[in-house]
Each structure stands twice: as C-alpha cells, then as structure tokens.
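The values are calculated or read from the model by the stated rules, or taken from the named source; none is laboratory data. Everything numeric in this text was worked out from a predicted model, so none of it was measured. Cβ placement follows ideal geometry from the backbone for every residue including glycine, while neighbour counts extend to all protein chains displayed.
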C-alpha cells in the first residue's frame, strides 16, 4: 500500500526491532487524510546517534526544558519551505518499555501513544488551533485517535473487556457483602 506520509529510517548504530516500521505504517494508515495533510515524513531514528549539538539541545514541554536526547518524539513544524515532519526516537521508546513490547497490542499502544501525540501537534498547528497548553491539545488528539485505532484493530477485545468489568463488579459485590 502506498503511504501518504513517507517513513524514513535513519539509524547510525542502533538496530531497531523488526516490528517498529510495520507498526508505524499501520497506525499512519488509519489516520484520516484531513489530519495528516501537510505532514511529509516520519523519521524513525535513534537518540544515541544524535550529533553532540542535538544531544545537548533542549525543547520546551509544558513550560519546562527537556533534553532532546531524552525525548521519545518531536514534531517539526513547516518552516522555510520545508514541510512538517515527525521524529521518533525508537531506541528511547523501546528501552523505556523493555520486555512489555513482546505483545503486539502493547507495541501498537506504545508506538501509537508517541506517534499520535506528535500527529496531535500537527493537527493543532495546521487544522484545529486552540488557545490551550499545546501538550494538552496534542494529548487530547492522541487519546481520541488511539482509542479509535485500538477499537478498530482489536474489536474482538471489547466483549472480553465488558465481561471482565461485569465479573469484577460481581466479585466486589460478593466480597463487599461478606
């Protein structure tokens, strides 16, 4: 399938897990065109391979300075004739979540959290500007899109989840009345 957003992998020394790119592709394929118009590229890279200048550089998040080398992802707005793009630091994402990423549902959730947060910044900057904290707006878009993606991909979990909720309420009613 032809992707509307180009995915580039730029690693110096890091060898990412084989599932990373297909997971990013799958998530991007579920985003409506109207939200990613103007977004040219998602770059999958490693924080450990950043230049000295970029390792020392900082970005602002929720009015605090954060080192780029510790970030999971960055959104780069359109500027000087260059289209908007997203950078995901795969080594940071995988290292932080470790062994949990053996399960595809968790992979989708974790990559979706980071990627869709950055897409939320793109939507905020280009389609739906709001006068709120930009991280909060990106989180709202992320939550909305991630919920839709997971419900569509893992629809078969929904009846199981409902059953577990009923079962836990039943158990609590038994324990509570004893």
* Asked: Could we say that residue 149 is surrounded by fewer than 19 Cβ atoms within 10 Å (Cβ to Cβ), modelled with pLDDT of 85 or more and assigned to a helix (DSSP H, G or I) here?
  -> no
* To do: Quickly run through segment 82-114 and pick out the residues that are more than 24 Å from residue 151 (Cα to Cα), buried (at least 17 other Cβ atoms within 10 Å of the Cβ) and modelled with pLDDT under 90.
  => none
* For segment 40-50, does any single residue satisfy the condition of being within 16 Å of the chain's Cα centre (by Cα), surrounded by 15 or more Cβ atoms within 10 Å (Cβ to Cβ) and farther than 25 Å from residue 145 by Cβ? -> yes
* Mind listing just one residue for me: the one in segment 15-28 that is out of contact with any strand residue (DSSP E or B) (no Cβ under 8 Å at 6 or more places or on another chain) and assigned to a loop (DSSP other than H, G, I, E, B) and, of those, surrounded by the fewest Cβ atoms within 10 Å (Cβ to Cβ)? => 18
* Identify, from the list 68, 31, the residue that is under 25 Å from residue 136 (Cα atoms), modelled with pLDDT under 90 and surrounded by 13 or more Cβ atoms within 10 Å (Cβ to Cβ). => 68
* Asked: Which of the residues belonging to segment 77-92 are touching a strand residue (DSSP E or B) at 6+ places or on another chain (Cβ under 8 Å) and more than 19 Å from residue 123 (Cα to Cα)?
  -> 89, 90
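In this structure, does residue 144 turn out to be within 23 Å of residue 31 (Cβ to Cβ) and part of a helix (DSSP H, G or I)?
In short, yes.
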* Please verify whether segment 99-120 includes one or more residues that are within 17 Å of the chain's Cα centre (by Cα), touching a residue at least 24 places away in the same chain (Cβ under 8 Å) and farther than 22 Å from residue 20 by Cβ. => no
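Can you tell me which residue in segment 1-14 is nearest to the chain's Cα centre (by Cα), limited to those that are surrounded by 14 or more Cβ atoms within 10 Å (Cβ to Cβ) and outside any loop (DSSP other than H, G, I, E, B)?
7
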* On the given criteria, is residue 62 in contact with a helix residue (DSSP H, G or I) (Cβ under 7 Å, 6 or more places away or on another chain) and surrounded by fewer than 13 Cβ atoms within 10 Å (Cβ to Cβ)? -> yes
* Does residue 172 fit the bill of being without any contact (Cβ under 8 Å) to a residue 40 or more places away in the chain, more than 21 Å from the chain's Cα centre (by Cα) and farther than 20 Å from residue 9 by Cβ? -> yes
* So which of 51, 61 is at pLDDT below 85 and closer than 18 Å to residue 113 by Cβ? -> 61
* Structure fact -> From the option list 167, 157, single residue qualifying as over 21 Å from residue 40 (Cβ atoms), over 12 Å from the mean Cα position of the chain (by Cα) and surrounded by 11 or more Cβ atoms within 10 Å (Cβ to Cβ) is 157
